[in-house]
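The values are calculated or read from the model by the stated rules, or taken from the named source; none is laboratory data. Everything numeric here is computed off the predicted structure, so don't read it as measured data. Ideal geometry is used to build each Cβ from the backbone, glycine not excepted, and the neighbour counts take in all protein chains shown.
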């Protein structure tokens, strides 16, 4: 059979070449490394086997992704070799059918790709069983693990990708266009997936993931319990099945399209533009060749002598000519147009989409938009990964341009240095990048215009895009070009360049952490409105200068190895390279090497000499050592800090601060304290420890930050003593991670973490189980058990706080407390803050050119410090703050302080954080401006209310369930404020927003709420449960329980609260009949599932209707290992019938009847008589218990009306 | 200025010895390098055009060492490879202008003049704005000539230039070359004997990497005077004739075979003397009747 013959020939042909074998080797290495480094580190943390189905599936997905970019040439070659090599006239005129030709070629490519993916599995297996793995990490061997990963993930992936690569290459007649097919597949699905995800269409987003990275795997990581990650086998079901079927469908469609459009025909070349031009040219009359020939033959033509220049100027012109030709070649190609026009168009959409957060618009300031447009080249999850991918392709195309056209003999014999070629092509790429950047700038401005924003900061745009982002790309362009030159084989060149890119993005996996070792890397710049670029530019510049010097060396290598000869052996190339070591070139190389050493030396001096270089391993080792040396003192009785007094001098001009502090220490234990343990912070100097005003002979371990102070006179129970100290923070130069941005001329912000703490600090311990095992530390849970009573004991009640802060005159300093005094002294401005009640150990000190807005709420003075340029948000924030103070005081008890501070601080971002009496927020929060229209959610208002809720927090223990005690309660509190201030409808909108899956996707299994730690449990399920309880028991009862909880635990000698205390208070406050519900909500994972199937109505006359609703109900309990079990349901559930809501109404549902009826498991029929025309009917229509609210809400169903007569 | 090639050898990684100690002296004017396909012509041409390095030997163009001073050679070189492609989507004029710049003609106005003159000279003036992708084989070849002529080369290497040309174009092309021969060293490689006989003042015959004969075409033909014999025989007799005689060439003629043999005296009855031509020289050299192969065999019969 001919198909078989074509298949065999193609397979044999490709396998005779080096590329497939290099690909197989690369895939093996990738499989090995992924299982070793990728899964291993995660596995150690999560405690699953590195050969569990979950781990192997993860590695398989990433392996697929790597293959997609590495291996495109296989299908590309199969699809386009005949056309590219000029064999097409011979091949196309043989008596084969399209089916045989395409089928054989496609299947051969597919076979090689199957081999490549099998090699990934082989790499994983070898990695698991080769030496060097902790045997405890290896589970039993199960062949199905590898088979399922291969068959369900890798195989469909490679069928789809091979189909796309093959289609594109057959269509274009260019083998490497298959790579563009790969990149497009990846990019489009990625962009589209993210877009759909953000639109809340997680279901569709999952479908659009061709490889399984974004959604399938993140789903598994997120939804599978620890037990399942160890033991569960990947199965072809549910989302995975849907996704795989969808993409196999796509693959079939692509293949059909290839088959349908392919012709055994001569390619006239060029796209429609070229065809159109040709047609125009053809219609122009041209003189006949014959006549012209005779005419010319009779008149001899003298070619004038022209002066020729071979000097520097001539070469510069030649370089520019090649650059412009290269630019034109790229810019007029399809991928080039996609980059220069397609991507900027997408950028407009991306910016439009990103200029809102959680459905609330953000003011599209230039900084905000720039954040969407800029990313380090090494950010593998950034959407701009497409740029390096395209650069690799363009570099290859440019480098091979002459050879692909068969023109290289002519051009290579032209005079001039190889520099002309190297630099010309590089500048061509650079010109493409400049054009791209310009288009991106245009796209950004266009998006701002569309969003009705016109305060364009052109200077910032130019600096950020051309000055900072462009060099990132330029450095990579040089690398891609140089690699193509060195490798000198087109497909391998792509593979090597992509591999280099993978190395850059995943450098830590390969053991490279220091930015001096990762090509092009360095700390990224940072810009905020308050601090501008701060001091982020200097480290950026020095690292980039260092890499630019390397890039020059790469250019030298490219020039030495520039292919300009028919001899492609390495011996010949090296001989040529030796001959090309001209003095000029060696001078350039020397200068670049000197620059590498100079800039590298300066950087190294900053990162490793001025500062200790702290990589992850070093930090772990320090933590281990800290625990080894000092954990013995964990139980040593220690006094607590009862009062803190600070005198802070901030000197932005030297990027330094000096904090002279004193603690009043009180011995609240029952025994005398004879030794004081002081924990000191990293990165600052803590000096001058004095107790009771005298120097103490402390043994200070500066490296690990621990001082042991023997007390000459022991501190008796109840006694107090004063500990004074000086903390100096002085930023010098920069660290490997960038410059310290704490102290700046505007936008200074630092945490209390700089100050010393008393006693052994358990939070400094290594928590990862694997690291603990590796270093021989005793195993311990990530967080103490809920039932660990030792943790319930309160060790202190916070400290009174006062601080005097000195700053340059133009700055306003902010610390917790009321502003007691401010004055000027010696040209410096001083402020004195003092709290009216104790605060905790965590707080923030800031200083900036703030404006302040003051107001009073009850007895509380509210001060809001903000960037004077941003004030549109203040009123909303103030309203929420005031409403919160009023509501919480009434419902949950008094606010402890007579002052409240809200302060804006860098960096950007909308994040808000509450410390006692202080709420701080990122510079993005003021940009968050909700729609002022009915039916829209005022999320910023809710977020402020939530943070204010933390101010009424219960003192809680550091045990499981801790975020339920803080976050869940704060959200429940916020609902009470919103209900009072904005009405019930706004609460329901908030709940609808919270039920969307895209900030915190729902988790069905795992720990119950009482022991909850996960963000979904704390930010979503906890509030849902409390809200459901308040719906059933009444908000008053729940509020009362929370009030009692707070009162009880704020008493002086009360233990710290846990979820058990919360549970007890709730249980006391609600009727006995609701105890089962409380149990279902908190003690186990219960899920209520309701579905309204159909509803019909018949008129009863007088405008009354009888509505019959058929509904289904189900109740499921899931245990922590992930097993789900249906339990009988017999509860009172909301059911209702709704009229059509008037347009523009605040509420979506207008109830005709909404009542609670007894609902049992299974299908049931409910009958309602209503006084009004019914539109919808539903069961649990407001999702009080069923927390899944999808776009097509299955709890509601339209009512079918009888046909009108 | 002369081109001196001394003992140049070149082997490919696959073991093929493409050139074995080739020595030639190529003076000003047209020089023909004649040889069958695979003789090593293109390898030699590429070495001269700086695109390949010789394993051994030296090549000098006047004062320039061709093997090491590549850029100096390139500045004075015009090269028309045997096979070359073009960028399909650019006009001849733009492409030629680009090449002119690469050849060092940096001044825009001068470049324009040169390009225009060359386009006229190679008769592409009327189609100068057409995309090269639409050019016929002959037009493409003439475009290649124009590129080779840029910058007034003193060393012009043209590798099998007439292969794809129709007869009229070939004539024109050869005329163009002979004009150039007045100002440069022109090395023309070909396997078409007529190209050499019509144009070249000197020639060399190369086969299997060796120079078999270096001569002036006219003299070489004259030297064969009286030694070429012809006879028309039946096809069946051919084997016997080939056994007994030094056959130079055979040609089918209306079902019978015309045989030409080399012999100092009449090989026998039925043979008549033939007027020798360059083709006889070529085939005699290849067959080892004359030239280096003959002397290596210890002289012809």
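Within the range A:1084-1128, the set of residues being touching a helix residue (DSSP H, G or I) at 6+ places or on another chain (Cβ under 6 Å) and on the phi < 0 side of the Ramachandran plot comprises A:1086, A:1121. Of the residues making up the range A:599-619, those that are in contact with a helix residue (DSSP H, G or I) (Cβ under 8 Å, 6 or more places away or on another chain) and at pLDDT 90 or above are A:599, A:600, A:602, A:603, A:606. Note on the range A:69-101: residues that are touching a residue at least 12 places away in the same chain (Cβ under 8 Å) and assigned to a helix (DSSP H, G or I) amount to 21.
Filtering the range A:1057-1079 to residues that are surrounded by 19 or more Cβ atoms within 10 Å (Cβ to Cβ) and either in the same structural domain as residue A:1129 (by TED's automatic domain parsing) or not in a helix (DSSP H, G or I) (or both) leaves A:1057, A:1058, A:1070. With respect to the stated conditions, residue A:252 fails to be in contact with a helix residue (DSSP H, G or I) (Cβ under 9 Å, 6 or more places away or on another chain) and either in the same structural domain as residue A:1015 (by TED's automatic domain parsing) or assigned to a loop (DSSP other than H, G, I, E, B) (or both).
Determine, yes or no, whether residue B:49 is under 21 Å from residue A:404 (Cα atoms), more than 10 Å from chain A (Cβ to nearest Cβ) and touching a helix residue (DSSP H, G or I) at 6+ places or on another chain (Cβ under 8 Å). Here the answer is no, as residue B:49 does not meet what is asked.
Can you confirm whether the range B:96-115 contains a residue that is at pLDDT 90 or above, closer than 13 Å to residue A:414 by Cα, more than 10 Å from every other protein chain (Cβ to nearest Cβ) and touching a strand residue (DSSP E or B) at 6+ places or on another chain (Cβ under 7 Å)? Looking through the range B:96-115, none of the residues is at pLDDT 90 or above, closer than 13 Å to residue A:414 by Cα, more than 10 Å from every other protein chain (Cβ to nearest Cβ) and touching a strand residue (DSSP E or B) at 6+ places or on another chain (Cβ under 7 Å). For the range A:630-649, the criterion of a residue being assigned to a loop (DSSP other than H, G, I, E, B), exposed (fewer than 15 other Cβ atoms within 10 Å of the Cβ) and in contact (Cβ under 8 Å) with a residue 12 or more places away in the chain is satisfied by at least one position. Exactly one residue among A:1090, A:1138, A:1024, A:1082 is under 40 Å from the mean Cα position of the chain (by Cα) and part of a strand (DSSP E or B), and that residue is A:1090. Listed by position, the helices (runs of 4 or more DSSP H) inside the range A:1-68 whose residues that are over 35 Å from the mean Cα position of the chain (by Cα) and modelled with pLDDT of 90 or more number at least 3 are A:2-15. Within the range B:61-97, being out of contact with any helix residue (DSSP H, G or I) (no Cβ under 6 Å at 6 or more places or on another chain) and free of Cβ contacts under 8 Å to residues at least 24 places away in the same chain holds for B:63, B:65, B:67, B:68, B:69, B:70, B:71, B:72, B:83, B:94. Say we look at the range B:68-93 and pick out the residues that are modelled with pLDDT of 90 or more and more than 9 Å from chain A (Cβ to nearest Cβ); which of these is surrounded by the most Cβ atoms within 10 Å (Cβ to Cβ)? Here the answer is B:92. The residues of the range B:231-251 that are free of Cβ contacts under 8 Å to residues at least 12 places away in the same chain and within 33 Å of the chain's Cα centre (by Cα), listed by number, are B:239, B:242, B:243, B:251. In this structure, residue B:57 does satisfy being assigned to a strand (DSSP E or B) and either more than 10 Å from every other protein chain (Cβ to nearest Cβ) or free of Cβ contacts under 8 Å to residues at least 60 places away in the same chain (or both). Could you check, for the range A:1186-1197, whether at least one of its residues is under 19 Å from residue A:1032 (Cα atoms), modelled with pLDDT under 95 and in contact with a helix residue (DSSP H, G or I) (Cβ under 6 Å, 6 or more places away or on another chain)? For the range A:1186-1197, residues under 19 Å from residue A:1032 (Cα atoms), modelled with pLDDT under 95 and in contact with a helix residue (DSSP H, G or I) (Cβ under 6 Å, 6 or more places away or on another chain): present.
Selection of the range A:413-446 for residues being at the interface with chain B (Cβ under 8 Å from one of its Cβ atoms) and either modelled with pLDDT of 90 or more or surrounded by fewer than 19 Cβ atoms within 10 Å (Cβ to Cβ) (or both) yields only A:420. Of the residues examined, residue B:138 is one that is within 12 Å of another protein chain (Cβ to nearest Cβ), free of Cβ contacts under 8 Å to residues at least 60 places away in the same chain and farther than 23 Å from residue B:3 by Cβ. Whether any residue in the range A:886-896 is assigned to a strand (DSSP E or B) and not assigned by TED's automatic domain parsing to the domain that holds residue A:369 is what I want to check. No: zero hits. Filtered by the rule that a residue be at pLDDT below 90, within 14 Å of chain B (Cβ to nearest Cβ) and either farther than 18 Å from residue A:566 by Cα or assigned to a loop (DSSP other than H, G, I, E, B) (or both), the range A:366-406 gives a lone residue, A:406.
Scanning the range B:145-168 for residues that are within 26 Å of residue B:112 (Cβ to Cβ) and over 16 Å from the mean Cα position of the chain (by Cα), we see that the one that is farthest from the other protein chains (Cβ to nearest Cβ) is B:154.
Screening the range A:276-293 for residues that are surrounded by 10 or more Cβ atoms within 10 Å (Cβ to Cβ) and more than 9 Å from every other protein chain (Cβ to nearest Cβ) and picking the one that is modelled with the lowest pLDDT gives A:291. For residue A:689, the stated conditions hold: it is at pLDDT below 90 and under 23 Å from residue A:800 (Cα atoms). Within the range B:16-36, identify whether any single residue is facing chain A (nearest Cβ under 10 Å) and surrounded by 19 or more Cβ atoms within 10 Å (Cβ to Cβ), and answer yes or no. Scanning the range B:16-36, I find no residue that is facing chain A (nearest Cβ under 10 Å) and surrounded by 19 or more Cβ atoms within 10 Å (Cβ to Cβ), so the answer is no. Considering (1) surrounded by fewer than 18 Cβ atoms within 10 Å (Cβ to Cβ); (2) more than 21 Å from residue A:801 (Cα to Cα); (3) within 44 Å of the chain's Cα centre (by Cα); (4) at pLDDT 90 or above, the lone condition that residue A:702 does not fulfil carries the number (4).
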